[in-house]
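First up is the structure itself, then whatever we jot down about it.
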Amino acid sequence: MKKQMRLLLCCLIFVLMASGVSFTAEAATPKKTKLTQDEETHTFSNAKDGSFRYDYAVKSDYYKGVAVDESTKIRYMLIDYGDRLWAVVADGDSEWTGSYDTSSYLANMSTSFKPSTTKTVLQIKKNKTGNKYLENGFYYADDYSILTTGFSMDTYYINGAKAKGVKEIDGVYSFFQKGKQVTKTGWYQSGKTYVYVSKKQVKYRFNGLVCYQYKASGKKRVTNKFLTINDVEYRFDKAGNLEQGFQEIAGEYYYFQDGRARTNYYKKVGKYGYYFGADGKAVRNTWVKFKKIDRYFAASGHNTRIFYAADYTKADKAGRYMLYKNKKWSYAADGIHKINGVYYYFKKSKLGTTSCWYDKNDTTSYYMKKGTVLYKRVYKDNTYRFYQLINNKWKKAKNIWTPAKKGEIHYYNEDGVLQYKYFTEKYKTGAYQKTMWCHNTDTNRWQKMKNMLVSYKTYYYYAGLDGKLLTGEGWHTIDDWSAVYTDAAGKVSKYIYYDAEQDCSVYKQGIYLNEPVTGLVTVQINGKDVYYLIGESGTATTGSQEIGNYIYDFDRYGRAYTRRLEGTLYWNTDEWMARVINTYLGKTNIPCNVFADQAYALAGGDNPVFKLAVKYTDEVTGGIILDRMYTGTEWGGTATISAKLTLSDGTNWLEPDSVVLNSNVTPFSYDALTPGDMIIYYKGKSKEASHVSLYLGKFENAQAVKDYLVKIGISKKKAEACVKDWGTYYGNDGTYWCIHGGMGKTSQVYISNSVYCIPASNNTNTYARKIVNVID
């Protein structure tokens with residue numbers, strides 16, 4: 001202690017009070033301010049007028065206690081300021097209020113004052129925390145603060161300063177921060193040191209180099225132990241120093257750096273390489289990949305296999321697979337090897353670079369792409385099964401297209417069984433190119449898919465009559481109920497078909513045939529435009545439907561080949577023509593007008609669901625029965641051609657009625673023709689008609705007409721004999737065909753494409769001048 005320190009015996013009793021001691025206040029009470037210290041005058045102030053007021057201090061957090069000198073009756077307050085304790089005069093009646101320098105009022109102090117050799121003794125009755133302090137006296141420091149050791153309230157002081165760090169008190173080690181004892185369990189930082197507190201006592205202290213453990217017997221270094229310090233695990237060796245380098249502990253290998261086990265770290269130690277995982281231990285029986293290298297670590301922890309990726313930086317090692325055996329490294333044998341869950345193919349001690357199949361044996365093959373095995377194919381029970389790697393395991397591949405031999409691609413169904421084969425343009429045999437084949441499980445044979453919609457990878461295509469997938473934009477007919485539309489690349493974007501299970505036609509559209517479509521759509525089947533009305537579910541509507549200004553008569557398959565204005569007749573022209581052709585084709589001695597009149601008696605049907613449908617039962621009581629035989633001149637002239645018939649209201653048959661058949665007579669043109677129309681012919685400028693025929697329809701060529709006839713029941717022989725192909729002679733369009741009666745010397749009924757001009761000798765050709773739209 002410095003000689004300048006002056007001993008003061010106060011003979012005071014500090015009484016810690018819950019409330020302040022009252023005294024007479026001045027008339028004008030100054031405003032309370034923050035506690036300040038004037039080091040020149042050695043005074044404190046807590047009021048705006050510069051005074052130190054007891055009533056302000058006693059309610060503050062710097063208040064520690066109060067005492068009264070028994071001799072002078074002057075009141076003193078013990079306060080905490082600047083991490084130190086101060087004895088301040090706190091008596092409104094004293095001229096030294098706020099002073100902590102005893103030199104100015106020494107003469108007025110207690111008569112019990114002793115020389116500086118006498119120890120100042122302060123007797124304490126109690127304080128707020130119940131701890132006793134200052135029992136052995138206190139000293140004034142050079143700055144007149146009080147030097148003391150002990151608790152004041154919940155703050156611990158050592159020589160008047162707030163304690164910090166680890167301190168021993170009565171044989172117990174405690175940890176302090178700004179004078180406060182740390183009581184909560186955990187690690188705490190104090191400068192570069194970490195301290196662990198448990199049950200209010202210090203258990204460990206780590207200074208960055210060594211760690212001490214504290215017990216009642218004292219402290220000692222931590223040795224041969226893992227210890228987690230502030231969430232970081234350290235290892236201390238037998239001397240208590242931080243562990244370093246490669247170590248074996250309890251059968252596990254570690255590599256330490258300043259006491260911390262290296263993690264996710266590769267290190268070669270001696271002859272062997274080790275990889276220390278996330279827990280710091282050397283990994284065993286596993287693969288680890290880093291820096292484009294796959295390494296395998298055996299049960300011993302030693303690195304025994306190395307695979308360098310194809311893009312490894314050193315070209316001489318890239319794509320190499322090496323094994324450690326018999327105390328030396330060597331290249332792996334050629335073939336398939338499993339490396340870190342992936343299968344690779346090696347040839348000439350290096351990773352393969354091509355995409356191809358590798359036959360391991362007679363039943364198992366592997367497909368690889370640049371050396372990486374993607375698929376496995378196994379032949380068993382007369383079929384192939386396909387597998388692919390999923391999570392490092394072979395799983396049966398399902399619903400997948402996969403490469404096979406060159407130019408051949410296979411599809412494996414939901415059971416993982418080979419179901420389809422597609423041969424690309426690269427396949428060696430031309431006849432197989434661009435064809436798809438399906439495996440018939442009943443016969444165990446492969447069948448070429450023809451004239452049908454096929455699915456290949458993510459798109460749909462049309463396999464034509466020869467089985468080849470067609471390209472080019474346009475419609476392709478599958479049958480009378482089905483057709484597809486392909487774009488230039490051959491992808492199907494429109495598809496109409498009859499679904500027997502739902503008993504309705506279904507329309508699909510879009511590049512994946514999954515776009516919703518509603519409303520009227522037009523497709524082409526057998527070269528003819530066909531209308532369908534598609535509902536919300538994608539299925540076609542049946543019956544007569546009025547759309548815009550037209551009525552569409554959709555048959556049971558949802559097809560409508562024509563549309564008509566409100567008030568026009570309806571019958572199925574295909575059914576009608578089938579009756580007419582089967583009844584009259586090839587017959588002789590039937591004049592043209594007789595044939596036409598009798599043909600209309602076969603018109604109609606037995607279904608009343610179409611509005612203004614014509615009823616047909618037989619050619620005597622059903623169909624359109626003319627009231628007499630009419631000539632061609634009458635059909636195309638001003639005469640009224642009337643007939644009896646029975647019509648429907650769209651639900652039921654009505655009573656028989658009469659109808660005028662020639663109310664709509666128009667000049668001839670190909671565009672105005674509708675199947676079933678009567679065509680009227682004239683020679684030269686004659687006003688008398690010389691011939692009539694019935695328009696059959698538009699066909700690409702004579703063979704298409706013959707195929708149509710065979711389909712409706714005509715023999716091939718009769719079809720060959722009764723179809724006359726006159727091509728485009730005499731101004732005819734060879735794709736329009738009609739049925740003639742009264743032709744030749746025998747007045748035969750046959751079919752020809754002489755719709756516009758019927759040639760005759762001596763330039764007496766007959767030309768079509770008028771069309772009677774009977775249906776309209």
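The values are calculated or read from the model by the stated rules, or taken from the named source; none is laboratory data. Fair warning: this is a prediction, and the values are worked out from it, not measured in the lab. A quick note on method: Cβ atoms are made from the backbone with ideal geometry, for glycine too, and the neighbour counts reach across all protein chains shown.
Just a few scattered comments:
- Qualifying residue in the range 406-417 (condition: at pLDDT below 90, outside the structural domain of residue 462 (by TED's automatic domain parsing), assigned to a strand (DSSP E or B) and more than 25 Å from residue 344 (Cβ to Cβ)): yes
- Pairs where the first residue, in the range 330-354, is among the acidic types (Asp, Glu) and the second is modelled with pLDDT under 95 and loosely packed, with under 13 Cβ neighbours inside 10 Å, C-beta under 7 Å, 6+ apart: 334/348
- Conditions (1) under 30 Å from residue 323 (Cβ atoms); (2) surrounded by 15 or more Cβ atoms within 10 Å (Cβ to Cβ): number failed by residue 212: (1)
- Residues of the range 490-523 classified as over 14 Å from residue 460 (Cα atoms) and part of a loop (DSSP other than H, G, I, E, B), total: 7
- Which listed residue, of 436, 449, is touching a Cys at 6+ places or on another chain (Cβ under 7 Å) and more than 26 Å from residue 563 (Cα to Cα): 449
- Test: residue in the range 422-429 that is assigned to a strand (DSSP E or B), free of Cβ contacts under 8 Å to residues at least 24 places away in the same chain and surrounded by fewer than 19 Cβ atoms within 10 Å (Cβ to Cβ): no
- Condition met for residue 150 (loosely packed, with under 13 Cβ neighbours inside 10 Å and either β-branched (Val, Ile, Thr) or not assigned by TED's automatic domain parsing to the domain that holds residue 285 (or both)): no
- Residue within the range 455-476 that is surrounded by 14 or more Cβ atoms within 10 Å (Cβ to Cβ) and closer than 29 Å to residue 674 by Cα present: yes
- Residue pairs meeting the criteria (Cβ under 8 Å; at least 6 apart or on separate chains; first assigned by TED's automatic domain parsing to the domain that holds residue 488 and more than 13 Å from residue 424 (Cα to Cα), in the range 452-469; second of a type in the set (Val, Ile, Thr) and surrounded by fewer than 17 Cβ atoms within 10 Å (Cβ to Cβ)): 459/511
- When 395, 338 are checked against the criterion of being modelled with pLDDT of 90 or more, assigned to a strand (DSSP E or B) and either surrounded by fewer than 18 Cβ atoms within 10 Å (Cβ to Cβ) or of a type in the set (Gly, Ala, Ser) (or both), 338 stands alone in meeting it.
- Those strands (runs of 3 or more DSSP E) of the range 169-264 in which 2 or more residues are without any contact (Cβ under 8 Å) to a residue 40 or more places away in the chain and within 30 Å of residue 284 (Cβ to Cβ) occupy 225-229, 232-236, 245-249, 252-257.
- Residue check for residue 500: among the small types (Gly, Ala, Ser), under 22 Å from residue 402 (Cα atoms) and surrounded by fewer than 17 Cβ atoms within 10 Å (Cβ to Cβ): no
- Of all residue pairs spaced 6 or more apart or on separate chains, none has beta-carbon atoms under 6 Å together with a first member in the range 483-499 that is in contact (Cβ under 8 Å) with a residue 40 or more places away in the chain and assigned by TED's automatic domain parsing to the domain that holds residue 472 and a second member that is of a type in the set (D, E, K, R) and surrounded by fewer than 19 Cβ atoms within 10 Å (Cβ to Cβ).
- Residue pairs whose Cβ atoms lie under 7 Å apart, separated by 6 or more positions or on different chains, with the first residue in the range 309-323 and closer than 20 Å to residue 336 by Cα and touching a residue at least 60 places away in the same chain (Cβ under 8 Å) and the second part of a loop (DSSP other than H, G, I, E, B) and hydrophobic (A, V, I, L, M, F, W, C), are 310/318.
- For the range 272-287, filtering for residues that are more than 20 Å from residue 243 (Cα to Cα) and either in contact with a His (Cβ under 8 Å, 6 or more places away or on another chain) or in contact (Cβ under 8 Å) with a residue 24 or more places away in the chain (or both) leaves 3.
- Criterion applied to 666, 674 was being touching an Asp or Glu at 6+ places or on another chain (Cβ under 8 Å) and outside the structural domain of residue 477 (by TED's automatic domain parsing), and the one residue passing it is 674.
- Test: residue in the range 669-681 that is touching a Leu at 6+ places or on another chain (Cβ under 8 Å) and of a type in the set (Gly, Ala, Ser): yes
- Annotation note: of 45, 51, the sole residue that is assigned to a loop (DSSP other than H, G, I, E, B) and polar (S, T, N, Q) is 51.
- Filter result for residue 430 (at pLDDT below 95, more than 33 Å from the chain's Cα centre (by Cα), farther than 17 Å from residue 401 by Cα and assigned by TED's automatic domain parsing to the domain that holds residue 540): no
- Only one of 584, 557, 498, 507 that is at pLDDT 90 or above, within 34 Å of the chain's Cα centre (by Cα) and within 30 Å of residue 701 (Cβ to Cβ): 507
- Qualifying residue in the range 737-746 (condition: assigned by TED's automatic domain parsing to the domain that holds residue 593, within 60 Å of the chain's Cα centre (by Cα) and not basic (Lys, Arg)): yes
- With respect to (1) closer than 29 Å to residue 774 by Cβ; (2) hydrophobic (A, V, I, L, M, F, W, C); (3) without any contact (Cβ under 8 Å) to a residue 40 or more places away in the chain, the lone exception for residue 478 is condition (1).
- Members of the range 671-720 found to be more than 23 Å from residue 742 (Cβ to Cβ) and in a strand (DSSP E or B), listed by number: 698
- Qualifying positions in the range 217-268 - among the β-branched types (Val, Ile, Thr), under 29 Å from residue 295 (Cβ atoms) and under 46 Å from the mean Cα position of the chain (by Cα): 232, 263
- Answer residue from the range 698-754, given it is in contact with a Ser or Thr (Cβ under 8 Å, 6 or more places away or on another chain) and at positive phi and is surrounded by the fewest Cβ atoms within 10 Å (Cβ to Cβ) among those: 730
- Scanning the range 524-542 for residues that are polar (S, T, N, Q) and in a loop (DSSP other than H, G, I, E, B) returns 526, 537, 541, 542.
- Residue match in the range 588-611 (condition: closer than 19 Å to residue 530 by Cα, at pLDDT 85 or above and in a helix (DSSP H, G or I)): no
- Residue satisfying all of: in the range 561-579; touching a strand residue (DSSP E or B) at 6+ places or on another chain (Cβ under 7 Å) and either assigned to a helix (DSSP H, G or I) or at pLDDT 90 or above (or both); nearest to residue 655 (Cα to Cα) among these: 575
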